[in-house]
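Each remark here refers to the structure printed beneath this line.
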Amino acid sequence: MKEADCKRILVTGGAGFLGSHLCEYLLRQGHDVLCVDNFYTGSKHNISNLLAHPRFELMRHDVTFPLYVEVDEIYNLACPASPVHYQNDPVQTTKTSVHGAINMLGLAKRVKAKILQASTSEVYGDPQVHPQTEHYWGHVNPIGIRSCYDEGKRCAETLFMDYRRQHNLHVKIARIFNTYGPRMHPNDGRVVSNFIMQALSNAPLTIYGDGSQTRSFCYVDDLIAAFDKLMNSPDGFCGPVNLGNPTEHTMLELAERVIALSNSRSSIVFKPLPSDDPVRRKPDISLARSVLEWEPRVSLDEGLQRTIDYFKGMRAGLDDEDVDVPAGFTTGMQEQGLHGGSPSPA
Ligand code: NAD
Ligand code: UDP
Ligand code: UDP
């Protein structure tokens, strides 16, 4: 890359699952990367292979506090994404989305940086329109246990659009649908990591409800490619744009696939469905296809196999007693963390 093309890029939440893949991708492209994280759900382990890189810098910082740095672009990913984690400290979750967005937008305004927000399919709530297009305004409970995340992300979208209208900021909004892959936290509480960790130890897979609810799973490499395309899309385009894999599966199908692909002897057990759990979710990605010329390439079986191999490798490096098998929603918070206990804010 020519020196003139090398940008200074800030990734908030850069030590998390998606953030660590993004930092790695941007370094490979030849950019300078500043990773900012408070290690609430992320870890240094995720970026350990980047720490010695001459164009990589790590800063421990909570985005709810102001941040004064000089950068050309910002990817704002800081926010816990797993329901178990974002519901553990719901007030902090809303603060992270709302105060975090204000601070990062204020920073973008001062240094005239382009800024991308990691929004979510959760802005559609428990959708009554299927599949979900960007025109749908959603069906969201403002006072439920998922609201800290859903409404925080909705408010962040509002702030992004108002900074664009009021201050002419270059903003981009990605509505990310369920994404999975290597470096998800093994006790993250999300369905893919739970099922794989359970299958690898031949423990029962915990399905919440009857397993007929659906999700559409995108492999992480596909999503990172879309982030790049969105950040570099024409100035007039800000989204919001759905990013995800439109192939829809029930949780029962997912459980059966994970068991088969990992050659597991696990059975399936059914646990209570948490409140406000969306019944169906599938992105309409026509907008991403036409504007970004992007669509996912990795099939669910291929992506699951890569993720299973990653978790197998990780388990092989640990003693059996260090490996907590996720026991499901009701006990999840007590069981988090290969690294000792539940994640705590820095
Ligand atoms: P993750 O929990 O692995 O990563 C989030 C990162 O943000 C962690 O490293 C965490 O320590 C950091 N963080 C949290 N609060 C912070 C704060 N106040 N200050 C600084 N850092 C903070 O989750 P992920 O899956 O990598 O998600 C990344 C982003 O993408 C999140 O904003 C999430 O809402 C969004 N998203 C993810 C998915 C998905 O399926 N993975 C779907 C929709 C949206
Ligand atoms: N901010 C920041 N870094 C900067 C500039 C601003 O963190 O480089 C924060 C600052 O704390 C402020 C917020 O961003 O509260 C919003 O900034 P803006 O300029 O939009 O509003 P104001 O400073 O007028 O409140
Ligand atoms: N789920 C499940 N078993 C688990 C974890 C989750 O059946 O061990 C269900 C959960 O109730 C939801 C779906 O899987 O219906 C996806 O959950 P996840 O937490 O991964 O993401 P989200 O609900 O935010 O889409």
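The values are calculated or read from the model by the stated rules, or taken from the named source; none is laboratory data. This is a predicted model, so every value here is computed, not measured. Positions of Cβ are backbone-derived with ideal geometry, glycine not excepted, and every protein chain shown enters the neighbour counts. To get the accessible areas, we keep the full protein, side chains included, count just its heavy atoms, and leave off ligands, DNA and RNA. Shrake-Rupley method; radii C 1.70, N 1.55, O 1.52, S 1.80 Å.
Tabulated data for the structure shown
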quantity	calculated
Carbon and sulfur %, accessible surface of the chain computed with the full protein complex present, 1.4 Å	51 percent
Within a Gaussian network of the chain (alpha carbon springs, distance under 10 Å), most fluctuating of LEU261, LEU34, LEU292	LEU261
Spatial separation of Cα centroids for the stretch 72-140 and the stretch 260-309, in angstrom	21 Å
Expected 222 nm ellipticity per residue - DSSP helices of 4 or more, -39500 (n - 2.57), all of the chain, to 500	-10500 deg cm²/dmol
Listed residue pairs exceeding 24 Å between alpha carbons, taken from LYS7/LYS95; LYS7/LYS229; LYS2/LYS112	LYS7/LYS95
Sparse-neighbourhood loop sites, GluC sites (Glu not before Pro) in the stretch 1-87 - DSSP loop, at most 13 other Cβ within 10 angstrom	GLU70
Given charges at Cβ of Lys, Arg, Asp, Glu: the chain dipole, positive-most of LEU105, THR179, LEU169	LEU169
Most mobile listed residue (GLY138, GLY42, GLY125) in the chain, GNM with C-alpha springs under 10 Å	GLY138
Sequence of LYS271, LYS312, LYS172 when ordered by accessible area, the most exposed leading, probe 1.4 angstrom	LYS312, LYS271, LYS172
Rounded accessible area per residue of the stretch 240-289, 1.4 Å, Å²	47 Å²
Whole-Å distance, taken between Cα centres, linking the stretch 171-246 and the stretch 1-42	19 Å
Tail weight of P(r) past 24 Å, computed on alpha-carbon pairs of the chain, percent	54 percent
Virtual spin-label span in nm between LYS2 and GLN166, 7 Å along Cα→Cβ	3.8 nm
Within straight-line cross-link reach of LYS109, aspartates and glutamates at Cα separation under 13 Å, skipping those fewer than 8 residues along the same chain	GLU70, ASP72, GLU73, ASP162
